[in-house]
1. Any idea which residue in region 43-80 is modelled with the highest pLDDT, counting only those that are in contact with a helix residue (DSSP H, G or I) (Cβ under 7 Å, 6 or more places away or on another chain) and at positive phi?
2. Hey, could you check region 46-81 for residues that are small (Gly, Ala, Ser), assigned to a helix (DSSP H, G or I) and open to solvent by less than 20 Å² (accessible area, probe 1.4 Å) and say which is nearest to the ligand (Cβ to nearest atom)?
3. Exactly one of these conditions fails for residue 159: (1) touching a strand residue (DSSP E or B) at 6+ places or on another chain (Cβ under 6 Å); (2) within 16 Å of the ligand (Cβ to nearest atom); (3) small (Gly, Ala, Ser). Give me its number.
4. List every residue pair whose Cβ atoms sit under 9 Å apart, with the two residues 6 or more apart in sequence or on different chains, where the first one lies in region 15-40 and is acidic (Asp, Glu) and the second, anywhere, is open to solvent by less than 40 Å² (accessible area, probe 1.4 Å) and at pLDDT below 95.
5. Tell me, please, whether a residue that is farther than 15 Å from residue 39 by Cβ and within 16 Å of the ligand (Cβ to nearest atom) can be found in region 140-148.
6. What are the pairs, 6+ residues apart or on separate chains, where a residue within region 80-107 that is within 22 Å of residue 35 (Cβ to Cβ) has its Cβ under 6 Å from a residue that is part of a helix (DSSP H, G or I) and within 10 Å of the ligand (Cβ to nearest atom)?
Amino acid sequence: MSDTNRLKIIREEILHCQNCALAKGRKNAVPGEGPSSVEVMFIGEGPGYHENQQGKPFVGQAGAFLDELLAAANLKRDEVFITNVVKCRPPSNRDPLPEELSACARYLDEQIALLDPKIIVTLGRFSMAKFIQNGRISQIHGKSHRVDGRIVVTMYHPAAALHQPALRPALVEDFAKLPRLLGGESPVEPKAEVFAPESKPEVKPEKKEEKPDLPEQLSLF
Ligand code: URA
């Protein structure tokens, strides 16, 4: 079976998935979107209000900012693949739970294997934690890491910069590195640590205030 067809099957599986409790509260699962062959793949945390409504990733305020960042990096949305570590919206945009992350991990792993991107950009700490053990986003944002033979660039989540404008310049600067990396510049920065976790790191959810069911997702650092 071709990779394109396999990706379509995974998409259908995600749309009908009942593997964790998030299935109960969703309007739409959000498998992700983009071509079946890409150089860059972006991985966020999980659908927010608008994504759940529309079944598409990053279509709310964070998505509008992501579009700006992509444009500044000379990337078009339709030439990259955008998805999330969890494919259904956590209630009130809370952090995804370990069991939700593991229920969804197979889908993301298969998407990565089939898309075979040159660069994976993680947006926020939950997608960072999939690749980098014990990383602190404040210390390793914008860094390139070689993980399982692939370049992983760890970045702040766009919603974090909307919530905390002081993070915005860092995100803009980090995105500006992408064209050079895609052009073949030495991928792993000399001082960046190289991580190759053997087991999947577990992210401990931070204690957070219960949020009202706001349409935008603003809790991603
Ligand atoms: N935030 C995410 O992490 N993913 C989306 O798809 C939208 C907002």
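1. 58
2. First, the residues of region 46-81 that are small (Gly, Ala, Ser): 46, 48, 55, 60, 62-64, 71-73.
So of that shortlist, the ones also assigned to a helix (DSSP H, G or I) come out as 62-64, 71-72.
Then keep just the ones that are open to solvent by less than 20 Å² (accessible area, probe 1.4 Å); that gives 62-63.
Details: 62: 4, 63: 6 Å.
Filtering first and then ranking leaves 62.
3. For residue 159, the exception is condition (1).
4. 39/182
5. If we filter region 140-148 for residues that are farther than 15 Å from residue 39 by Cβ, which is where we start, we get 140-143, 145-148.
Within this subset, residues satisfying the condition of being within 16 Å of the ligand (Cβ to nearest atom) are 141.
There is at least one residue in region 140-148 that is farther than 15 Å from residue 39 by Cβ and within 16 Å of the ligand (Cβ to nearest atom).
6. Pairs that qualify, where the first residue is within 22 Å of residue 35 (Cβ to Cβ) and the partner is part of a helix (DSSP H, G or I) and within 10 Å of the ligand (Cβ to nearest atom), are 85/126; 85/127.
The values are calculated or read from the model by the stated rules, or taken from the named source; none is laboratory data. Please read all numbers here as calculations on a predicted model, not as lab measurements. All Cβ positions, even for glycine, are placed from backbone atoms using ideal geometry, and neighbour counts span all protein chains on display. We work out accessible area using only protein heavy atoms, side chains counted, and drop any ligands, DNA or RNA first. Shrake-Rupley method; radii C 1.70, N 1.55, O 1.52, S 1.80 Å.
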